[in-house]
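The values are calculated or read from the model by the stated rules, or taken from the named source; none is laboratory data. Computed from a prediction, not measured in an experiment: that's the story for all the values here. So basically every Cβ, Gly included, is an ideal-geometry build from the backbone, and we count neighbours across all protein chains shown. Ligands, DNA and RNA are excluded from the accessible area calculation, which covers all protein heavy atoms including side chains. Shrake-Rupley method; radii C 1.70, N 1.55, O 1.52, S 1.80 Å.
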Protein chains: 2
Amino acid sequence: MPSFLTFGADGFEAAFTALLHAKRETDQDVRETVAGIIRDVTARGDEALYDYTSKFDRFDAHGAGLAISSAEVDAACAEVDADTAAALQFAADRIQAFHARQTPEELDYTDEAGVRLGQRWSPVDAAGLYVPGGLASYPSSVLMNAIPAKVAGVDRIVMTVPTPDGVLSPLVLLAARIAGVTEIYRIGGAQAVAALAYGTETICGVDKIVGPGNAFVAEAKRQVFGRVGIDTIAGPSEILVVADNKNDPAWIAADLLSQAEHDTAAQSILITDCQDFADAVVKAVDVHLQTLPKADIAGKSWADFGAVIVVPTLLDAVSLIDRLAPEHLELAIEDPESLMSMIKHAGAVFMGRYTPEAIGDYVAGPNHVLPTARSARFSSGLSVYDFMKRTSFVECTAQSLEKIGPAAVTLAHKENLDAHALSVAIRLKDRQS
Amino acid sequence: MPSFLTFGADGFEAAFTALLHAKRETDQDVRETVAGIIRDVTARGDEALYDYTSKFDRFDAHGAGLAISSAEVDAACAEVDADTAAALQFAADRIQAFHARQTPEELDYTDEAGVRLGQRWSPVDAAGLYVPGGLASYPSSVLMNAIPAKVAGVDRIVMTVPTPDGVLSPLVLLAARIAGVTEIYRIGGAQAVAALAYGTETICGVDKIVGPGNAFVAEAKRQVFGRVGIDTIAGPSEILVVADNKNDPAWIAADLLSQAEHDTAAQSILITDCQDFADAVVKAVDVHLQTLPKADIAGKSWADFGAVIVVPTLLDAVSLIDRLAPEHLELAIEDPESLMSMIKHAGAVFMGRYTPEAIGDYVAGPNHVLPTARSARFSSGLSVYDFMKRTSFVECTAQSLEKIGPAAVTLAHKENLDAHALSVAIRLKDRQS
């Protein structure tokens, strides 16, 4: 059974706080293991990759090579049926169209003092995309990770995907081709992250690594951070659905289960202003669970981490939403805009009764790589900006340096940085020092 | 002596690669120590902070309390002379004016399918600013870290600064007041980062932590990353000066020394197309070193990590610049724009003969917190964007869901996510499933 909370009731605050701090991730201590793998890959390069691939993916890649060849991709793509290929292309086009609107702002102006100032954006040279293997190998995630890099103008988009027992995923490879991935390697785990960060004989290192993975992959990304850029560390998926009683309970129940089916550690929460509706949704969840293929996973997630919160009015939901800072927020209510305008922290919002969260996983356009575990308080979904960086610039003339230089000289001396002061003062007519 | 390299000469590539990979940071293994401090602060809260402050800063803060009071700030600010106060305010105004132009782009549009799409930006609720103590306690850094948070609209701007032997820095406190810092605590080290990330009885936790620090602070930021956001991990400072022979060698020498004086691990590199000019700059460096207060530090940095590279033409500098991806790049040449337009990787560029890098440290306006150690390949200087996050949104109507929903249903089934498919299909008139 999920938790049931009533806003304002005795014990609500304690129960809500418990919900906020529920530990959903298993805390594996993988630090030493990962550090060892990274050391090994930097020391032995390709041979370390072959060894780990044999060990973890049960595949000796010496014959086929680490790279998945263009011919292999051709052959795999040919296996995808036309309907699915069309749906993937449709999704890619919509994702591309949305991300193309994320155009970071350039600045170039001259201020009152006569100083030219600005910032320019440029793409990273090479991006690495980690794609998990096996069941969690989602073609939609390939699109969501690679397309923003492509839109940003990244030249090399390098994908790694483990191929357990040597089996390739046709859909993942087709998605890679559609999204514009330029190189693909059949490796996974911390060893793939190490190879992307440090390079080997076969694989040139990249500048930024993105994509989801297990605890080993997440820890590897954490350890290579600084040498390369990384995206945020993804945790189990979450959805918070705010719904009034004019919704069909079966629709809302399906939405809650769409996150619950990802992972037993996923979390689905319903906030509603109607107790009867809440009860109806809970019943509808049980009905769906009777037929869903992933009922075991979804049922366990719903029982362990699911919650239903009844509030007196939908306005009372606002502060709860911000405290939960959900990855996905559905506002299945009459006037979603009014609530949306009051909310500060959420990764992505799905507005109205006809916008199930799953539409955003595939075809809406915005990215489905979103901040989990309340990190929407400080971070954002993946975007074109993640594959670009800014360079600021300043240009003084002799005249404008006269205007702004003296204050710099004063401050540099106060910070005991006299060479700093000298480098400005030496250029001033009236030599301060 | 610095290294001397001649582009195209025998051994150039090997020497340049050595320069790229010179290990300037000492690799202290501080992981376990830091993990222990973080565990202790989360377990014992304020008492742990008092203990570490006694131990590392030789100050028992039980009397004064962890917070630096408004009265203490008043008293400290009164000690600052009027000239310095005016210079700080001048710098703050210019930094504020530049950062106010960093206005992230909102999106809100309806596409051809009738789907409303967009993104909104909002500030984090609370930012933590780590300020080092003692000699590295720079008021200019307080301005550079706090003002972007203020411009972003952050409500709580929380500063921590260790006060060795209980001594407050008037300039740092005045800078904090000018910049709009809202709370100040006299703590430092990994314990300050832990307190900012997890909170204690006295200190409410924040959402994002920025600011430079030693190896312990950097490692603590790395370990709390995910619970809160962090900025990039700062390494020793660097400058790359590209100069032709029409510059005064003494000016260019001062610029090189302005980074060298920061740290014996700092790096200053000159690229020029004139051997005679290179020799003149090297001589001018030695002349300046005879009078500079920090000649010991600057001289050692220049000898150990400095380099002079002579290129046949300034165009040959472009690929070297991108490979070095310098934190600071000075283009002291006739037509800096022509080179600037070809460069992909640099944190900040200082254009022309009258723009010494130090002007950017204090009063130019753009941020002086910049990517070091070649991380300009993938990251950017601190900005307003670092204190904000995006929320994407989607709003479908019954009609637009009919148009884009079927492709989502197809893909969800292929990914074996049937609840995802159901949540879309259940809303379609012609119930696919």
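Points worth noting:
- Every test in (1) over 27 Å from B:Val369 (Cβ atoms); (2) among the aliphatic types (A, V, I, L, M); (3) open to solvent by 10 Å² or more (accessible area, probe 1.4 Å) is passed by A:Leu422 save one, and that test is (1).
- Scanning the stretch B:2-17 for residues that are surrounded by 13 or more Cβ atoms within 10 Å (Cβ to Cβ) and in a helix (DSSP H, G or I) yields a count of 3.
- Residue match in the stretch B:320-333 (condition: of a type outside the set (Asp, Glu) and without any contact (Cβ under 8 Å) to a residue 24 or more places away in the chain): no
- Scanning the stretch A:231-246 for residues that are more than 9 Å from every other protein chain (Cβ to nearest Cβ), buried (at least 22 other Cβ atoms within 10 Å of the Cβ) and either among the polar types (S, T, N, Q) or free of Cβ contacts under 8 Å to residues at least 40 places away in the same chain (or both) gives a single hit, A:Ser237.
- Within the stretch A:136-143, the presence of at least one residue that is of a type in the set (Gly, Ala, Ser), modelled with pLDDT under 95 and surrounded by fewer than 24 Cβ atoms within 10 Å (Cβ to Cβ) is confirmed.
- Condition met for A:Ala91 (farther than 25 Å from A:Asp165 by Cβ and either at pLDDT below 95 or open to solvent by 20 Å² or more (accessible area, probe 1.4 Å) (or both)): no
- Counting only strands (runs of 3 or more DSSP E) that fall entirely inside the stretch A:139-251 and contain at least 3 residues that are β-branched (Val, Ile, Thr), the qualifying elements are A:156-160, A:238-243.
- Leading residue by the ranking (nearest to the other protein chains (Cβ to nearest Cβ)) among those in the stretch A:186-208 that are more than 20 Å from B:Leu324 (Cα to Cα) and of a type in the set (Val, Ile, Thr): A:Val193
- Residue list for the stretch A:169-191, restricted to those being of a type in the set (A, V, I, L, M, F, W, C) and within 17 Å of A:His62 (Cβ to Cβ): A:Ile187
- A:Lys344 falls short on exactly one of the conditions (1) touching a Lys or Arg at 6+ places or on another chain (Cβ under 7 Å); (2) in contact (Cβ under 8 Å) with a residue 12 or more places away in the chain, and that condition is (1).
Conditions (1) part of a helix (DSSP H, G or I); (2) farther than 25 Å from B:Val172 by Cα; (3) away from chain A (no Cβ under 14 Å), marked per residue:
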{"position": "B:Ala35", "(1), (2), (3)": "yes, yes, no"}
{"position": "B:Lys55", "(1), (2), (3)": "yes, no, yes"}
{"position": "B:Asp60", "(1), (2), (3)": "no, no, yes"}
{"position": "B:Phe90", "(1), (2), (3)": "yes, no, no"}
{"position": "B:Gln102", "(1), (2), (3)": "no, yes, no"}
{"position": "B:Gly114", "(1), (2), (3)": "no, yes, no"}
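- Hits in the stretch A:248-293 (condition: touching a residue at least 40 places away in the same chain (Cβ under 8 Å) and among the aromatic types (Phe, Trp, Tyr)): A:Trp251
- Selection within the stretch A:278-319 - away from chain B (no Cβ under 14 Å) and under 18 Å from A:Asp335 (Cα atoms): A:Val311, A:Pro312, A:Thr313, A:Leu314, A:Leu315, A:Asp316, A:Ala317
- The number of residues in the stretch B:154-185 that are open to solvent by 20 Å² or more (accessible area, probe 1.4 Å), within 30 Å of B:Arg390 (Cβ to Cβ) and among the β-branched types (Val, Ile, Thr) comes to 3.
- Residue in the stretch A:208-220 that is open to solvent by less than 10 Å² (accessible area, probe 1.4 Å) and closer than 17 Å to A:Gly36 by Cα present: yes
- For the stretch B:296-306, the condition holds for at least one residue, the condition being that it is in contact with a strand residue (DSSP E or B) (Cβ under 7 Å, 6 or more places away or on another chain) and more than 16 Å from B:Ala373 (Cα to Cα).
- Meets criteria (part of a loop (DSSP other than H, G, I, E, B) and open to solvent by 50 Å² or more (accessible area, probe 1.4 Å)) for B:Lys23: yes
- Matching option when the condition is open to solvent by 10 Å² or more (accessible area, probe 1.4 Å) and modelled with pLDDT of 95 or more, among A:Pro366, A:Pro356, A:Pro406: A:Pro406
- Annotation note: Cβ proximity below 9 Å between a residue of the stretch B:132-147 that is without any contact (Cβ under 8 Å) to a residue 24 or more places away in the chain and a residue that is open to solvent by 20 Å² or more (accessible area, probe 1.4 Å) and not in a helix (DSSP H, G or I) (sequence gap 6+ or interchain) occurs for B:Leu135/A:Asn416.
- Put simply, of B:Arg39, B:Arg58, B:Arg44 the only residue that is outside the structural domain of B:Leu257 (by TED's automatic domain parsing) and in contact (Cβ under 8 Å) with a residue 40 or more places away in the chain is B:Arg58.
- Top-ranked residue in the stretch B:273-297 [being in contact with a helix residue (DSSP H, G or I) (Cβ under 7 Å, 6 or more places away or on another chain) and either at pLDDT below 95 or not in a helix (DSSP H, G or I) (or both); ranked as nearest to B:Leu320 (Cα to Cα)]: B:Asp273
- Residue that is more than 18 Å from the chain's Cα centre (by Cα), surrounded by 21 or more Cβ atoms within 10 Å (Cβ to Cβ) and assigned to a helix (DSSP H, G or I), where the choices are B:Leu257, B:Leu270: B:Leu257
- Options A:Val41, A:Val80, A:Val151, A:Val73: the member that is buried (at least 17 other Cβ atoms within 10 Å of the Cβ), aliphatic (A, V, I, L, M) and within 11 Å of chain B (Cβ to nearest Cβ): A:Val80
- Given (1) surrounded by fewer than 20 Cβ atoms within 10 Å (Cβ to Cβ); (2) in contact (Cβ under 8 Å) with a residue 12 or more places away in the chain, number of the condition B:His99 does not satisfy: (1)
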